[in-house]
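Undergrad: There's a structure below that I have some questions on.
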Amino acid sequence: MSADPMATLASLEGVPSAYAATRDGVDVLLRDRGLRKTPPAFTTESLLRGAAASAVLEGSTAAVEQIRAGEGDEVATAAVRLSTEVLAQVPTLRQAPLQALARLHSTVAAGTLPLADLGRPRDADSAERLRVLAGRLSATTTAPAMVVAALVHAEIATAAPFASHNGLVARAAERLVLVSRGVDEKSLLVPEQAHLQLRPQYESNLRAYASATGINGVHSWLLYAAEAYALAGELSPLRD
């Protein structure tokens, strides 16, 4: 196995150029607008839009304006609660990624699972998948940060290591990686809304990632995620 498995995946055909182009576009957006004095309200709005979209992907029927008014259903309420915790986990992700992922699950599943199940993997295989993922997050890699975010998302979403709310945790972890690795330090992109707008491709590529016997599914997912991150910039409150 490669000493830097994320970098190996990041070198698959078409992936380097796709992510370079997407990162250039995101950097232009954040440099031209985000590095001016950006009000905290922009980050709050991005997190709210992301929570609303993530909730719909998880089965919520609440509209964003309902969620904004505090009238969302149980899934939407959980997604919003999780969104308030994401940025607080940036230092933890850098130092103890397993603990950060556990905290995300504990936050989103609070009140719906027994305390003993909060933040804990559902079985031994899930614990091992999380351990491997945390190890890769702790290791040095030359893979672009966006590739790391995409792989973290897909691993959690497809392995479903927790007893509940895995999709919400996966998308929150993706945003967390983008922030912690310097792509989007103020959390102004809205990747969750991009995944919702690209829902057929999003769901089919996650299925491919989960079922592929080789790297084809991973390759397809990474190419899809580059497209989604470009759209996430277009959906930023900075564009309003």
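Undergrad: I'd like to know if segment 190-200 contains one or more residues that are over 30 Å from P40 (Cα atoms), surrounded by fewer than 24 Cβ atoms within 10 Å (Cβ to Cβ), without any contact (Cβ under 8 Å) to a residue 24 or more places away in the chain and within 15 Å of the chain's Cα centre (by Cα).
TA: Keep residues of segment 190-200 that are over 30 Å from P40 (Cα atoms), which gives 200.
This time we only want the ones that are surrounded by fewer than 24 Cβ atoms within 10 Å (Cβ to Cβ), so: 200.
When the remaining residues are screened for being without any contact (Cβ under 8 Å) to a residue 24 or more places away in the chain, the result is 200.
Now drop any that are not within 15 Å of the chain's Cα centre (by Cα), which leaves none.
The answer is no, given that none of the residues of segment 190-200 is over 30 Å from P40 (Cα atoms), surrounded by fewer than 24 Cβ atoms within 10 Å (Cβ to Cβ), without any contact (Cβ under 8 Å) to a residue 24 or more places away in the chain and within 15 Å of the chain's Cα centre (by Cα).
Listed here are the residues, each with its yes/no results for (1) under 17 Å from A157 (Cα atoms); (2) at pLDDT below 95; (3) open to solvent by less than 50 Å² (accessible area, probe 1.4 Å); (4) hydrophobic (A, V, I, L, M, F, W, C).
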{"position": "R31", "(1), (2), (3), (4)": "no, yes, no, no"}
{"position": "K37", "(1), (2), (3), (4)": "no, yes, no, no"}
{"position": "E45", "(1), (2), (3), (4)": "no, no, yes, no"}
{"position": "G50", "(1), (2), (3), (4)": "yes, no, yes, no"}
{"position": "S54", "(1), (2), (3), (4)": "yes, no, yes, no"}
{"position": "R81", "(1), (2), (3), (4)": "no, no, no, no"}
{"position": "A88", "(1), (2), (3), (4)": "no, no, no, yes"}
{"position": "R94", "(1), (2), (3), (4)": "no, no, no, no"}
{"position": "A100", "(1), (2), (3), (4)": "yes, no, yes, yes"}
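Undergrad: For segment 201-223, check the following and say yes or no: at least one residue is more than 18 Å from L57 (Cα to Cα) and buried (at least 22 other Cβ atoms within 10 Å of the Cβ). Walk me through it before giving the result.
TA: Let us first name the residues in segment 201-223 that are more than 18 Å from L57 (Cα to Cα), namely 211-220, 222-223.
Within this subset, residues satisfying the condition of being buried (at least 22 other Cβ atoms within 10 Å of the Cβ) are 222.
Scanning segment 201-223, I find at least one residue that is more than 18 Å from L57 (Cα to Cα) and buried (at least 22 other Cβ atoms within 10 Å of the Cβ), so the answer is yes.
Undergrad: Tell me whether segment 96-104 contains one or more residues that are over 16 Å from the mean Cα position of the chain (by Cα) and either of a type in the set (S, T, Y) or in a loop (DSSP other than H, G, I, E, B) (or both).
TA: Within segment 96-104, one or more residues are over 16 Å from the mean Cα position of the chain (by Cα) and either of a type in the set (S, T, Y) or in a loop (DSSP other than H, G, I, E, B) (or both).
For (1) surrounded by 13 or more Cβ atoms within 10 Å (Cβ to Cβ); (2) free of Cβ contacts under 8 Å to residues at least 40 places away in the same chain; (3) more than 14 Å from V177 (Cβ to Cβ), each residue gets a yes or a no:
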{"residue": "D123", "(1), (2), (3)": "no, yes, yes"}
{"residue": "L130", "(1), (2), (3)": "yes, yes, yes"}
{"residue": "G135", "(1), (2), (3)": "no, yes, yes"}
{"residue": "P144", "(1), (2), (3)": "yes, no, no"}
{"residue": "V148", "(1), (2), (3)": "yes, no, no"}
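Undergrad: Name the residues in segment 172-184 that are in contact (Cβ under 8 Å) with a residue 60 or more places away in the chain and either open to solvent by 10 Å² or more (accessible area, probe 1.4 Å) or more than 8 Å from the chain's Cα centre (by Cα) (or both), would you?
TA: Taking segment 172-184 first, the residues in contact (Cβ under 8 Å) with a residue 60 or more places away in the chain are 172-173, 175-177, 179-180, 183-184.
Result: V179, S180, V183, D184.
Undergrad: For Y209, indicate whether it is touching a helix residue (DSSP H, G or I) at 6+ places or on another chain (Cβ under 9 Å), farther than 21 Å from T8 by Cβ, in contact (Cβ under 8 Å) with a residue 12 or more places away in the chain and assigned to a helix (DSSP H, G or I). Give the steps one after another, and end with the answer.
TA: Values: touching a helix residue (DSSP H, G or I) at 6+ places or on another chain (Cβ under 9 Å): yes; farther than 21 Å from T8 by Cβ: no; in contact (Cβ under 8 Å) with a residue 12 or more places away in the chain: yes; assigned to a helix (DSSP H, G or I): yes.
No; evaluated as a whole, the condition is false for this residue.
The values are calculated or read from the model by the stated rules, or taken from the named source; none is laboratory data. All figures in this text were calculated on a predicted structure; none of them were measured in a lab. Glycine also receives a Cβ, built like all others from the backbone with ideal geometry; neighbour counts cover every protein chain displayed. Ligands, DNA and RNA are excluded from the accessible area calculation, which covers all protein heavy atoms including side chains. Shrake-Rupley method; radii C 1.70, N 1.55, O 1.52, S 1.80 Å.
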